[in-house]
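**Student:** Structure in structure tokens, see below.
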Amino acid sequence: MKKNGEHVVFGMTSLYDGIVQQAERYGDKPRYIYKVNKQEKTFSFRDMKDHVDVIAAGLASLDMAGKFVGVTGETHPDYVAAYLATVSAGGVIVPLDKDILNEQFVGFCKRCDIAVLFYTRAMHQKMLDTASELPDVKYFIGFDLPEDAEMPERFMRFEAFFEIGKKAYEDGVRPAETTEQDPEKLCTILFTSGTTGTSKGVMLNQRNLVTSALDSCHIMATNDKDFFVSVLPIHHAYEFTCAQLALPNCGATTYINDSIKNTMRNFVKVKPRSLVLVPLYIETMHKRIWAEIEKKGKTEQVKAAIKVSNGLRKVGVDLRRVFFKDILAAFGGEIRYIVCGGAPLRPELIDEFEAFGISIFEGYGITECAPLVSANPMHWRKHRSAGQTVEHMEARIDKADPEDSTGEIVVRGDAVMMGYYKNPEATAEVFTEDGWFRTGDIGYIDDDNFIFITGRKKNIILLSNGKNVFPEELEEYLNASESVCEGVVIGRKNEETGEIAITALVYPNGEKFAGMTNEEIYPIIKDEITEINKKLPAFKHITELELRDEEFEKTTSRKIMRYKLK
């Protein structure tokens, strides 16, 4: 146990050790509140330990302990329990994106020799459709399946499986309790999101997961009085480690969001003090806030209130929770801070949320680091920075040219992956000769050890004159426009001249341009791009514009699939 300011960070030696300690500390306190068929249920910290013990015993009873186990679907308490039980019984858990195509799903299962598949109710048809292509999967086990669900051979309701495990546990079959928890042994394979077009299986062990979870606990001022709302995909490292592992270790209760359309309604109901989000959620919330203000005809009034409030804060008077009570009420009224990761966030949004009374702390992570690398400390933030490295990580900049101001960010520490599953060539490529992991991100580290990311190595636009342009910089200007719903900048080669044109692909803001054609919208956005170009050196000018009729295709973590843009 370590004290960090006013909050306590409880240690754990393994995932199972954490579960045992949490059950002892928090007992019947709800770890989760969730819905099944619109009926609200609770799942306590003690329930989690009981389910982990029983699921592990059930796997052993079916001779599946120590095997590769898949889990897929939306966030659910038993999704987490199956994950933890598999690892605690010596197996390898493979969380799979619920939204990937059947062909990809089958491919990942085969690549990992998955023997058991746990899945949530919404995935039942997908399991039925793919079962014939997965003959090596011995059991398909579904959570909360309806009574009339089709149950062919190899399929089993979780309730029936749980009874098998319960009997085995009572008979003394207790692998979670008796298996030696080796911190260096492979325990999970996480497939990268696929934004590069090819997903790799990131191999992590318990040392990686425990380290990253505890570092998350250390930077977040979370305690057993807090409520969170879980909105991000659970198969991603960011959500699973920083929310599903870290928050319960602090005693926080998590309300599982039942649908995107109910997100704001659930914020009001649950009254979270803090949230774990990605930039797209914050961008969307920001636009909704101002749309509602404009709808009520209070735009100038709110802008004036921000100026007055900011002035008062400079002399030590903070009335934000009075001035902006209605805005804060949309988040439940208790919101104090948001931890944001997954992509850079526009500094203007941080300033505006701060003006309303909500602090945003950006962090930086990558699946290969389980995922946490750095975060802005709650007592010290820097705009545009991904923060300082967390306790168990180090970072440095590898420059291709000593004269360059930036270079590739490379890291090392106890959270860094074991390598890529069945891909030694790719593993070798991402580690330096002295053992540091190459993140693929370009940036610099200032004198205070704050990391600044300027772009992704793979996204760099290399111009014909040899100059490099980071599209992320231009996209920050582009996406700040109220005319733009989504914008991406790419380099497109002119087949006739061979020149690279910096091209903006834009999905316009439908609310602003309601009833207008693309022919009418084009010159408006083109004029805005001309104004953006005035702020940039000539070689960075956006010279081409293309409008889209639909939003960009994204991963489940809401990242645009750049590799599909030509």
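Values quoted throughout were computed directly from the atomic coordinates according to the rules given, and no laboratory measurement underlies them. Keep in mind that what you see is a predicted model, and the values were worked out from it rather than measured. Cβ: placed from backbone, ideal geometry, glycine included. Neighbour counts: every protein chain shown.
**Student:** Counting Lys and Arg as +1 and Asp and Glu as -1, what is the net charge of the other residues whose Cβ lies under 13 Å from the Cβ of residue 357?
**Tutor:** Net charge in that neighbourhood comes out at 0.
**Student:** Is the shape of segment 67-127 best called rounded, prolate or oblate, per the rule: a/c under 1.5 gives rounded, else a/b larger than b/c gives prolate, else oblate, with a ≥ b ≥ c the square roots of the Cα gyration tensor eigenvalues?
**Tutor:** Note, shape of segment 67-127 comes out oblate.
**Student:** Now for a different question. Amide H neighbours of residue 191 under 5 Å, counting only residues 5+ apart in sequence or on other chains, H built in-plane at 1.01 Å?
**Tutor:** Those qualifying (amide H under 5 Å, at least 5 residues apart or on another chain) are 202.
**Student:** Counting helices only, and only those DSSP H runs with n ≥ 4, report the 222 nm mean residue ellipticity of the chain as the sum of -39,500 (n - 2.57) divided by its residues, in deg cm²/dmol to the nearest 500.
**Tutor:** That comes out to -9500 deg cm²/dmol.
**Student:** With θ set to phi - 60° and the Karplus curve 6.51 cos²θ - 1.76 cosθ + 1.60, what are the ³J(HN,Hα) couplings of segment 377-393 in order, to the nearest whole Hz, using x for Gly and Pro?
**Tutor:** x, 5, 9, 7, 10, 10, 4, 6, 9, 8, x, 8, 4, 6, 3, 9, 10
**Student:** Where nothing but the Cβ of Lys and Arg (+1) and of Asp and Glu (-1) is charged, how large is the charge dipole of the chain around its Cα centre, in debye to the nearest 20?
**Tutor:** With only Lys, Arg, Asp and Glu charged at Cβ, the dipole is about 1420 debye.
**Student:** Separate question: Order these peptides, 513-524, 536-547, 364-375, by their mean beta-carbon neighbour count within 10 angstrom, highest first.
**Tutor:** By packing density, highest mean first, the sequence is 364-375, 536-547, 513-524.
**Student:** Mind grabbing the base-10 log of I(q)/I(0) for segment 400-454 at q = 0.12, 0.19 Å⁻¹? Debye formula, identical points on the C-alpha positions, no solvent, two decimal places.
**Tutor:** Computed log10 I(q)/I(0) values: -0.33, -0.76.
**Student:** Quick check: the angle from helix 299-314's long axis to the longest principal axis of the chain, C-alpha only, nearest 10 degrees?
**Tutor:** 80 degrees
**Student:** While we're here: What whole-number volume per residue, in cubic angstrom, does the convex hull of the C-alpha atoms of segment 461-564 give?
**Tutor:** Given the Cα convex hull of segment 461-564, per-residue volume reads 116 Å³.
**Student:** Would you tally the net charge around residue 23, using a Cβ to Cβ cut-off of less than 14 Å, leaving residue 23 out, and scoring K and R as +1, D and E as -1?
**Tutor:** It works out to a net charge of -3.
**Student:** Using +1 at the C-beta of Lys and Arg and -1 at the C-beta of Asp and Glu, which of 18, 262, 442 has the Cα lying farthest in the positive direction of the dipole of the chain?
**Tutor:** Going by the Cα projections, it comes out as 262.
**Student:** I would also like to ask the following. What net charge do the residues around residue 454 carry, taking every other residue with its C-beta under 10 Å from that of residue 454, with Lys and Arg at +1 and Asp and Glu at -1?
**Tutor:** -1
**Student:** Can you list which of the trypsin sites (Lys or Arg not before Pro) found in segment 227-321 are DSSP loop residues with at most 13 other C-beta atoms within 10 Å?
**Tutor:** Those that pass, being in a loop and sparsely packed, are 296.
**Student:** Right, next: If packing is taken as the mean number of other Cβ atoms within 10 Å per residue, what is the order of 50-57, 203-210, 218-225, highest first?
**Tutor:** Ranking the peptides 50-57, 203-210, 218-225 by packing returns 50-57, 203-210, 218-225.
**Student:** Could you go through segment 226-236 in sequence order and give the Karplus-derived ³J(HN,Hα) for each residue, using 6.51 cos²θ - 1.76 cosθ + 1.60 with θ = phi - 60°, rounded to whole Hz, and x for Gly and Pro?
**Tutor:** These are the phi-based 3J(HN,Hα) values: 8, 10, 10, 10, 8, 10, 8, x, 6, 6, 7 Hz.
**Student:** Using alpha-carbon positions, what is the distance between the centroids of segment 488-549 and segment 329-381, in Å?
**Tutor:** A separation of 29 Å, based on Cα centres.
**Student:** Near residue 67, which lysines are there with a Cα under 23 Å away, not counting those fewer than 8 places off in the same chain?
**Tutor:** 49, 98, 110, 126, 138, 166, 167, 185, 200, 422
**Student:** To the nearest 20 debye, what charge dipole does segment 461-564 have about its Cα centre, counting +1 at the Cβ of each Lys and Arg and -1 at the Cβ of each Asp and Glu?
**Tutor:** Computed about the Cα centre, the dipole is about 480 debye.
**Student:** Where a ≥ b ≥ c are the square roots of the eigenvalues of the C-alpha gyration tensor, would you call segment 305-424 rounded, which needs a/c under 1.5, or, failing that, prolate if a/b is larger than b/c, or oblate?
**Tutor:** Here segment 305-424 falls in the prolate category.
**Student:** What is segment 83-226 by shape, rounded, prolate or oblate, if you read a ≥ b ≥ c off the alpha carbon gyration tensor as root eigenvalues and call it rounded for a/c under 1.5, prolate for a/b larger than b/c, and oblate otherwise?
**Tutor:** It comes out oblate by the Cα gyration axes.
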